[in-house]
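Comments concern the structure below.
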Amino acid sequence: MNSLVRRSNQLSLRRKYCGKYCGPEATGRNGKHNYEEFIRRHQRQARCSIVVQVSSEKSYTELYNYCSRFGSILSAHHYCVRQDEALHYVLMEYSTPEESAAAIDAGVTIGEPKSAPVRSPFLWFRAAGGGRRSSKMTISSLPKLHSLDGTRQVEQAHLQGLLRGATDIEEQVKLLHEQTRLNEIGIRMRFLAALQVERAIAGMFPAAQAQPFGSSVNGFGRMGCDLDLILRFDKDMGAKSILEAEEPSRLVFHTKETFSNGRSQTQRHMECFGDMLHLFLPGVCHVRRILQARVPIIKYHHEHLDLEVDLSMSNLTGFYMSELLYIFGEMDNRVRPLTFCIRRWAQTCGLTNPSPGRWISNFSLTCLVMFFLQQLRQPILPTIGALVKAAEPGDLRFTEDGINCTFARDVERLGFKSRNQSSLSELLLQFFEFYSQFDFHNRAISLNEGRPLSKPDHSAMYILNPLEQLLNVSKNVSLEECERLRIEVRNAAWVLESEVENASLSEEEGERKELSWGLLNLFKHPEKAVVRPNMFFKPRMVEVSDLFEQKETCQTSNSNVPTPAITYKSASVRHQVQCIKASTRSEQKQIRGSASSVPANSSKNRRSHR
Ligand code: GTP
Ligand code: MG
């Protein structure tokens, strides 16, 4: 790895950061999808696509008929954006980017004379003039209009009904994932939003790329998640030719440096892009500039896509972090459903919040899940350190500030195979138990090592940033919020444990359908949170169920209440329990004896009472 780093340092002198995807085509050999492949496929799909607003889906036949003249349409998807009334759109994909470009080139500008005539993939379909109609086509050749909506989130009541009707908690976790994850059309729409920005500035910045990252592409996004976009100006526009040519080009572009401070320059550039988006880009509205943040961003809403966008121009590590999460999600098909379930739980008990603050972010929470899966006795995920070790020259990646984001993209090379057979419900319970005992006070979480480390500072929660290990991903989390997390995981462990137990007791399907059970009881609202102070901060050293073989009821000698007769698996546990019982009995006797020998109104008695 050292030689890799040395080589990379030399290379980074020639190319500040790796261009689009300069490594060799890295398609996984394990049948799993590869992130770069996934991104490229969706970028191409976006370049082949247009979005046309129509009066209703009934316009589809006519629209298809009209648009077919520009090329062959591979697929069409109808979706709605709900404002005062439902607005209808059809997203159509041509077979080549040239065909969609031909359709866009055929667009005209009408309406407000003061509006800027901007060319973009967002169009609307006006009624045919002079009563002319497009020639009729045979219905058999019309591709089906898919009605998968990329904006609509599953109704709460519908989801609850589905969860109630599931057979077990395992199925509930899977259903939750299937029903709430970002669908294919939602992903397409996000790549179109990125393309729109890229195209808008392509005249002056032909190599600029607006690349989606975060939950929209890492496989952990739910319907309605925001789009994180990074606008990259590939400074080495000729990088490819520099690397491939025998000698570097001697022709160098003149450039303009307006500020000596790089951060001020980025802020000023972003302000300018913010104005441009606000003034010219169709669909872009509610533009907000948050330029003083550690990573300055421009936030906006896209009204044709019903989408919130966060656009940044620096911090490429977020992009590579998304790739790491994508790789983890692809490695084992329990990773995503489990994370979805935990993110949902955290949302419903008010641990996470869409706006940033002193609470844990979805990203930090996802890191907690990944770490949990790494540190298991039978790990489900490898450490990031192992991924870094398995990197090859084709995996070299650097950000513009030289941060090393090199790790193996083809995980097959790792030879990692998990032998962990735990079900999703077992893992969920183990997650809650693990963090209810985790020593947040003294330990930091390292995904690079897959084990806790000593905490380098006094932050309430410390998660080493996997790509910049001197930074803490969860620096924002306050002590109070960290305590709340510990309380909530403990509560969740308690609720889930009794849910698992009840599920095995009550096999009555009909009864179940009526009841709230399993995850439905876990996803409570903050005001209904069950807080049991006596349960907190007592690390459970062993599972109670591990101690006993079976349960049956019998009558105890000094009470009429039936209590369980227990067979112990371990002789030493039996001995300990008997000792505890004996000493408790003798203490009880002493208390009774001393209580009867002290007068009821004595000062000693009053004091002990207090
Ligand atoms: P939601 O937007 O809540 O659905 O989740 P998200 O994963 O998109 O989180 P967020 O929008 O906050 O961040 C977007 C992406 O930026 C994350 O997925 C990470 O890849 C990356 N990211 C966020 N915070 C950090 C950080 O502190 N360090 C690094 N390296 N990457 C980060
Ligand atoms: Mg996001």
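The values are calculated or read from the model by the stated rules, or taken from the named source; none is laboratory data. Quick caveat, the model's predicted, so the values are computed rather than measured. Cβ: placed from backbone, ideal geometry, glycine included. Neighbour counts: every protein chain shown. Accessible surface areas use protein heavy atoms only, side chains included; no ligands, DNA or RNA. Shrake-Rupley method; radii C 1.70, N 1.55, O 1.52, S 1.80 Å.
Can you confirm whether Ala101 is aliphatic (A, V, I, L, M) and either under 18 Å from Pro282 (Cβ atoms) or open to solvent by less than 40 Å² (accessible area, probe 1.4 Å) (or both)? It is true that Ala101 is aliphatic (A, V, I, L, M) and either under 18 Å from Pro282 (Cβ atoms) or open to solvent by less than 40 Å² (accessible area, probe 1.4 Å) (or both).
For Gly385, the criteria (1) open to solvent by 40 Å² or more (accessible area, probe 1.4 Å); (2) modelled with pLDDT of 95 or more; (3) away from ligand 1 (no atom under 15 Å from the Cβ) hold in every case but one, which is (1).
A Cβ distance below 8 Å, combined with a sequence gap of six or more or placement on separate chains, defines the contacts here; from the stretch 215-231, residues that are on the phi > 0 side of the Ramachandran plot and touching a residue at least 40 places away in the same chain (Cβ under 8 Å) reach residues that are near ligand 1 (Cβ under 7 Å from one of its atoms) and not small (Gly, Ala, Ser) in the pairs Gly219/Leu325. Do we find that Gln347 is open to solvent by 40 Å² or more (accessible area, probe 1.4 Å), outside any helix (DSSP H, G or I) and out of contact with any helix residue (DSSP H, G or I) (no Cβ under 8 Å at 6 or more places or on another chain) in this structure? Judged against the criteria, Gln347 is not a match. Among all residues of the stretch 368-381, there is none that is surrounded by 19 or more Cβ atoms within 10 Å (Cβ to Cβ), within 16 Å of ligand 2 (Cβ to nearest atom) and of a type in the set (S, T, N, Q). In the stretch 409-424, the residue that is surrounded by the most Cβ atoms within 10 Å (Cβ to Cβ) out of those that are within 22 Å of the chain's Cα centre (by Cα) and modelled with pLDDT under 95 is Arg409. Taking first residues from the stretch 316-335 that are under 25 Å from Leu424 (Cβ atoms) and free of Cβ contacts under 8 Å to residues at least 60 places away in the same chain and partners that are among the hydrophobic types (A, V, I, L, M, F, W, C) and not in a helix (DSSP H, G or I), the Cβ contacts under 8 Å between residues at least 6 apart in sequence or on separate chains come to Phe328/Leu381; Val335/Ile380; Val335/Leu381. Considering (1) farther than 20 Å from His304 by Cα; (2) at pLDDT 95 or above, the lone condition that Ser49 does not fulfil carries the number (1).
Could we say that Arg250 is modelled with pLDDT under 95, under 27 Å from Lys475 (Cα atoms) and more than 16 Å from ligand 1 (Cβ to nearest atom) here? The answer is no for Arg250. Just one residue in the set Asn465, Asn502, Asn442 is touching a Pro at 6+ places or on another chain (Cβ under 9 Å) and open to solvent by 10 Å² or more (accessible area, probe 1.4 Å); that residue is Asn442. Name the single residue that is nearest to Met189 (Cα to Cα) among those in the stretch 302-319 being open to solvent by 40 Å² or more (accessible area, probe 1.4 Å) and either more than 9 Å from ligand 1 (Cβ to nearest atom) or in a strand (DSSP E or B) (or both). The extreme case among them is Asp306.
The residues in the stretch 350-367 that are more than 13 Å from ligand 2 (Cβ to nearest atom) and either touching a Leu at 6+ places or on another chain (Cβ under 6 Å) or open to solvent by less than 60 Å² (accessible area, probe 1.4 Å) (or both) can be counted, and the count is 6. One residue alone among Asp275, Asp310, Asp332, Asp306 is more than 27 Å from Glu178 (Cβ to Cβ) and not basic (Lys, Arg), and that residue is Asp275. Search the stretch 279-295 for residues being within 16 Å of ligand 2 (Cβ to nearest atom) and touching a strand residue (DSSP E or B) at 6+ places or on another chain (Cβ under 7 Å), and hand back the single one that is modelled with the highest pLDDT. Among residues in the stretch 279-295 that are within 16 Å of ligand 2 (Cβ to nearest atom) and touching a strand residue (DSSP E or B) at 6+ places or on another chain (Cβ under 7 Å), the one modelled with the highest pLDDT is Arg288. Filtering the stretch 180-227 to residues that are open to solvent by 20 Å² or more (accessible area, probe 1.4 Å), more than 17 Å from Arg119 (Cα to Cα) and away from ligand 1 (no atom under 16 Å from the Cβ) leaves Glu184, Arg188, Ala207.
The set of residues in the stretch 334-356 that are away from ligand 1 (no atom under 11 Å from the Cβ), at pLDDT below 95 and on the phi < 0 side of the Ramachandran plot comprises Thr348, Cys349.
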